[in-house]
Amino acid sequence: MPNPATQEIGDVFFADCAARSFFDQVANKWSVMILTTLEKQPTRFNELMRRLEGITHKALTQALRRLERNGLISRRVLATSPVAVEYAINELGHTLQKPFAAVYEWAILHLHQIEDSRERYDKTALLHL
């Protein structure tokens with residue numbers, strides 16, 4: 001396997017590329033939103049459910065497991081009644097905040113262009129039905 005530091009960008013399309021696995025497991029809307037939410041403070045599962053409008057219990061559970069498996073968050077069981085679970089972003093997870101902020105800023109700056117493009121596409125797509 002080639003040295004990751006010398007890999008070409010196009011190599012991420014190979015099935016065994018670690019970056020491809022990362023994109024698949026971490027670079028999705030729920031993971032980004034979870035990591036952004038945890039940036040401020042550790043948060044319990046149910047609080048995450050309330051804060052992430054539209055996420056299902058199953059989707060949140062799966063996303064949290066992926067993030068923990070990839071070393072971006074930690075999970076702590078709290079000895080309360082009933083038992084609660086708290087999640088916290090760790091050092092590696094914090095390193096994603098700068099790229100996430102850049103993508104968020106880009107999206108806000110270009111939102112009107114994106115919406116205009118969607119409208120044009122949708123109108124054109126309707127003509128081809």
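Just so you know, all these numbers are worked out from the coordinates, no wet-lab data involved. Note that the structure is a prediction, hence the values are computed from the model and not measured. Every residue, glycine as well, gets a Cβ built from its backbone with ideal geometry; the counts of neighbours run over all protein chains shown.
Quick notes
- Helix axis angle, 29-38 relative to the chain longest principal axis, alpha carbon, degrees: 40 degrees
- Within the chain, helix-based [θ] at 222 nm, where runs of 4 or more DSSP H residues each add -39,500 (n - 2.57), nearest 500: -16500 deg cm²/dmol
- Gain in span if fully extended, V83 to K29, counting 0.36 nm per residue against the direct Cα distance: 16.6 nm
- Amide H contacts under 5 Å for R44: Y87, restricted to partners 5 or more places along the chain or on a different chain, H placed in the peptide plane at 1.01 Å from N.
- Principal-axis tilt of helix 97-109 within the chain, Cα atoms, nearest 10 degrees: 40 degrees
- The label point for E91 and the one for E119, both projected 7 Å from the Cα toward the Cβ, are 4.9 nm apart.
- Theoretical gain in end-to-end length, T56 to F14 [0.36 nm per residue, Cα-Cα removed]: 12.0 nm
- In a DSSP loop and with at most 10 other Cβ atoms within 10 Å, the GluC sites (Glu not before Pro) in region 12-102 are E53.
- When the chain is treated as a Gaussian network with alpha carbon springs shorter than 10 Å, the biggest mean-square fluctuation among L38, L78, L96 belongs to L78.
- Mean-square fluctuations from a GNM of the chain, with a 10 angstrom spring cutoff on Cα atoms, peak among D16, D116, D24 at D116.
- Choice from A88, A63, A79 with maximal GNM fluctuation in the chain (Cα, 10 Å cutoff): A79
- Cα gyration tensor shape of the chain, rounded if a/c is under 1.5, else prolate or oblate by comparing a/b with b/c: oblate
- Principal-axis tilt of helix 57-69 within the chain, Cα atoms, nearest 10 degrees: 80 degrees
- Number of Lys-Lys pairs in the chain with C-alpha atoms under 22 Å apart and a separation of 8 or more places or on different chains: 4.
- In terms of other Cβ atoms within 10 Å, S117, S31, S81 run from fewest to most in the order S81, S117, S31.
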